[in-house]
Amino acid sequence: MNSETLFSMALGLHSPWQVQEISFAPNESGREELHLTIGFPPGSRFPDESGTLCPVHDTVERRWQHLSFFEHACFLHCAVPRIKTPEGKVVPVGVPWARPGSGFTLLFEALALALIEREMPVNRVAEMMHVYPQRIWTVFDHWIGKARLADDPSGISKLGIDETSTRKGHNYVTLGVEPGPGACHPCHRRQGQGNPGRHPPAPGKQRRDNQQIQQASLDLSPAFISGVKESFPSAEITFDRFHVVKLLNEAMDKVRKAERKEHEALKATNTPF
């Protein structure tokens, strides 16, 4: 079994696609890169949207960045065929290793998203994968947008509301999420909607009937409380455990400090009650 066949198997290619050439070449900084050229045998036919096999009209040269091969950046090259349909239209053939319009393979994009999902900053992901951060953001925006379009919020009856900082300073965004089972903090499952600032989405911006939400988990922010009462009048409000415990700890600390001032024997200890 030759190396071209091994790389074809590793990439999951099926007939008529096959790796035809493997080469190493230095980039501008002198680092060696792996280049795999993918092609197809002469006379190959490809299906159109209806499944009819059509002859190749011409080809267009394309390149995609793939997962690194050990320490070497890896790129796939292919003269992508355009077919001529029975109606006389010339259309490009979709390749199985990448989505249309992307400069990355699907496996490359999957790894980038997996790293982001594990809370790695996008700039760090871009640095690890040797690309500009904006390219990673483009991949992120594509797949998140696709997931949101496919998402069906009709079954959501519980809503967690919290805020997070979008950047240094006092720039906040309010998040509405579907809490996970047993979660002590609302941001533990599926995000429903984001809203600039510290204000819940207005009733008119809700995609579903505001009677749908029966339970809402939030902190003790007056803005959140009033927003939930206005937007989701049927919802029972639950203050999330994280903020309740925080208030209890602060109250206990105040009592401890007061007791230390009042009782001489406690001044030498920091042990809480």
Q: Within the stretch 32-50, track down each residue that is out of contact with any helix residue (DSSP H, G or I) (no Cβ under 7 Å at 6 or more places or on another chain) and either under 30 Å from residue 128 (Cβ atoms) or in a strand (DSSP E or B) (or both).
A: 32, 33, 34, 35, 37, 38, 39, 45, 46, 47
Q. Looking at 72, 77, which is the one that is in contact with a Lys or Arg (Cβ under 6 Å, 6 or more places away or on another chain) and within 21 Å of residue 36 (Cα to Cα)?
A. 77
Q | Residues satisfying the stated conditions in the stretch 234-261, i.e. open to solvent by less than 80 Å² (accessible area, probe 1.4 Å) and more than 13 Å from residue 159 (Cα to Cα) | A | 243, 244, 245, 251, 253, 255, 256, 258, 259, 260
Q) Can you tell which of 25, 10 is open to solvent by less than 70 Å² (accessible area, probe 1.4 Å) and among the small types (Gly, Ala, Ser)? A) 25
**Q.** Residue pairs meeting the criteria (Cβ under 6 Å; at least 6 apart or on separate chains; first in a helix (DSSP H, G or I), in the stretch 134-149; second small (Gly, Ala, Ser))
**A.** 136/112; 136/126; 139/112
Q. For residue 93, all conditions in the list (1) in contact with a Ser or Thr (Cβ under 8 Å, 6 or more places away or on another chain); (2) more than 30 Å from residue 125 (Cβ to Cβ) hold save one; what is the number of the exception?
A. (1)
(Q) Could you tell me how many of the residues in the stretch 66-88 are among the polar types (S, T, N, Q) and open to solvent by less than 50 Å² (accessible area, probe 1.4 Å)? (A) 1
Q.
Could you tell me how many of the residues in the stretch 205-222 are modelled with pLDDT of 85 or more, loosely packed, with under 15 Cβ neighbours inside 10 Å and closer than 17 Å to residue 163 by Cβ?
A. 1
Q. Hey, does the stretch 86-97 have a residue that's under 29 Å from residue 134 (Cα atoms), among the hydrophobic types (A, V, I, L, M, F, W, C) and part of a strand (DSSP E or B)?
A. no
Q) Restricting attention to the stretch 51-65, does a residue exist that is within 29 Å of residue 129 (Cα to Cα) and open to solvent by less than 40 Å² (accessible area, probe 1.4 Å)? A) yes
(Q) Whether any residue in the stretch 229-247 is part of a loop (DSSP other than H, G, I, E, B), among the aromatic types (Phe, Trp, Tyr), on the phi < 0 side of the Ramachandran plot and modelled with pLDDT under 85 is what I want to check. (A) no
Q: For the stretch 98-129, name all the residues that are open to solvent by 30 Å² or more (accessible area, probe 1.4 Å), in a helix (DSSP H, G or I), without any contact (Cβ under 8 Å) to a residue 40 or more places away in the chain and closer than 23 Å to residue 35 by Cα.
A: 106, 110, 127, 128
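The values are calculated or read from the model by the stated rules, or taken from the named source; none is laboratory data. What you see is a predicted model, and the numbers here were worked out from it, not measured in a lab. Note that we place each Cβ from the backbone using ideal geometry, even for glycine, and neighbour counts take in every protein chain shown. Just the protein is used for accessible areas: all its heavy atoms, side chains included, with ligands, DNA and RNA removed. Shrake-Rupley method; radii C 1.70, N 1.55, O 1.52, S 1.80 Å.
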